[in-house]
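The values are calculated or read from the model by the stated rules, or taken from the named source; none is laboratory data. Since this is a predicted model, take the numbers as computed values, not measurements. We place every Cβ from the backbone using ideal geometry, glycine too, and count neighbours over all the protein chains shown. For accessibility, only protein heavy atoms count, side chains too; no ligands or nucleic acids. Shrake-Rupley method; radii C 1.70, N 1.55, O 1.52, S 1.80 Å.
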Amino acid sequence: MTRSVFATLACALPLVLAAPAWAATPPPSGAVLEAWKDVTSFHEDPARIDRARDLLENEVARAPSLDALLLLSWAHLIWADYRAPSIDAKLASYERGRDTAKRAIDMAPRSPEAHLWYAANLGRWAITKGKLHAAFLLSTLRQEIQTILELDPNHVPGLSLAGSFYLETPGMFGGDVPRAEGYLRKALSLDPHFTRARVELARCLIEGGKYDEAREQLKGVIDERQPSYIADWVMRHRPTAERLLAEIRSK
């Protein structure tokens, strides 16, 4: 297994790890609601991630509900991405996110979001650590994707994760760009404002030399006025779309 497998997954995963479908609907009340507000608006103030994580740690210690566990797993991941001051701090946060998602799976084995966050944190930990064999990482991600889509064939983040996975995985290890494109188009048919899927679809089109349609998709991301997850759009998807558009401007 070559180092390039890790490199391609490292590029893909920041786009993969966006908010799941349940995050669009606020929890009913209390600490989880307050944390949800912080997690979904951290583009305005990254310190909100710290506050959300601390609120959720206390809530899970007091009353570990599924919503609290899922949101805490997400908070650990974005804290590692945006707030960790060192590699060791990143790794520790991904580990906590992974373990929290595993608790959510144990509580609700048929929760697609629990499997999503387990795969997300595990994948980021493996890439940052650089010590797991890529075969293990690929096998785990593939199984988690299969589980998510078996539980909910219309799970938009799961479809986008599948698209990214089959786009980024080398062909000799199961990668399939047309298959990736199919997953991403289905995701966008279900949620046209899910900008992560639109960026990834553009990358599929670039891979296939379809530059005109890729430009349309990237402009759609940049011009989006109602992104499903505004923090992800501001912090990840719009900047990525702008960079890709500049790269193919003369194609």
message: From the phi angles alone, apply the Karplus equation (6.51, -1.76, 1.60; θ = phi - 60°) to the stretch 171-178 and give each ³J(HN,Hα) in whole Hz, x where the residue is Gly or Pro.
response: x, 5, 10, x, x, 7, 5, x
- request: Calculate, in nm to one decimal, what Glu207 and Met172 gain on full extension: separation in residues at 0.36 nm each, minus their alpha carbon distance.
  value: 11.0 nm
task: Go through Thr147, Ser111, Phe136 and say which Cα lies farthest out towards the positive end of the charge dipole of the stretch 106-155; charges sit on Cβ, +1 for Lys and Arg, -1 for Asp and Glu.
output: Phe136
- request: Please report how far the C-alpha centroid of the stretch 64-80 lies from that of the stretch 180-208, rounded to the nearest whole angstrom.
  value: 26
task: Mind giving me the nanometre distance, one decimal, between the label points for Ile87 and Asp45, set 7 Å out from Cα along Cα→Cβ?
output: 3.3
- prompt: Give me the log10 of I(q) over I(0) for the stretch 46-119 at q = 0.18, 0.25, 0.26, 0.27 Å⁻¹, as the Debye formula computes it from C-alpha points; what are the numbers?
  reply: -0.62, -1.09, -1.15, -1.20
- request: Please work out, to two decimal places, the log10 of the ratio I(q)/I(0) at q = 0.17, 0.34 Å⁻¹ from a Debye calculation in which every Cα of the stretch 162-205 carries one identical scatterer.
  value: -0.38, -1.17
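Treat the stretch 100-145 as a sphere of radius equal to its Kirkwood radius over Cα pairs and apply Stokes-Einstein at 4 °C in a medium of 1.567 mPa s; give the translational diffusion coefficient in µm²/s, rounded to a whole number.
On the way: Rh = 10.8 Å.
Roughly 120 µm²/s, to the nearest whole number.
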query: Per residue, how much space in cubic angstrom lies within the convex hull of the C-alpha atoms of the stretch 192-233?
result: 51
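As an exercise, take the mean of 1/r over every pair of distinct alpha carbons in the chain, invert it, and state the Kirkwood radius in angstroms.
Details: mean 1/r = 0.0551 Å⁻¹.
Its Kirkwood hydrodynamic radius stands at 18.2 Å.
Listed here are the pairs Lys102/Lys129; Lys186/Lys219; Lys102/Lys186; Lys37/Lys219; which of them are more than 23 Å apart at the Cα?
Values: Lys102/Lys129 19 Å; Lys186/Lys219 19 Å; Lys102/Lys186 28 Å; Lys37/Lys219 28 Å.
Checking Cα-Cα distances, Lys102/Lys186; Lys37/Lys219 exceed 23 Å.
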18 Å reach of a label modelled at Leu190, 7 Å along Cα-to-Cβ, counting backbone N of the stretch 111-129: 111-120
message: Considering only protein heavy atoms and a probe of 1.4 Å, how much of the accessible area of the chain is carbon and sulfur, as a whole percent?
response: 51
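Could you quote the convex hull projected area for the stretch 116-240, Cα atoms only and averaged over all directions, in nm²?
Working: hull surface 30.9 nm².
Value for the stretch 116-240: 7.7 nm².
Can you give me the orientation-averaged projected area of the convex hull built on the Cα atoms of the stretch 110-185, in nm²? Before the final figure, lay out each step's value.
On the way: hull surface 18.8 nm².
Dividing the Cα hull surface by four gives the mean projection, 4.7 nm².
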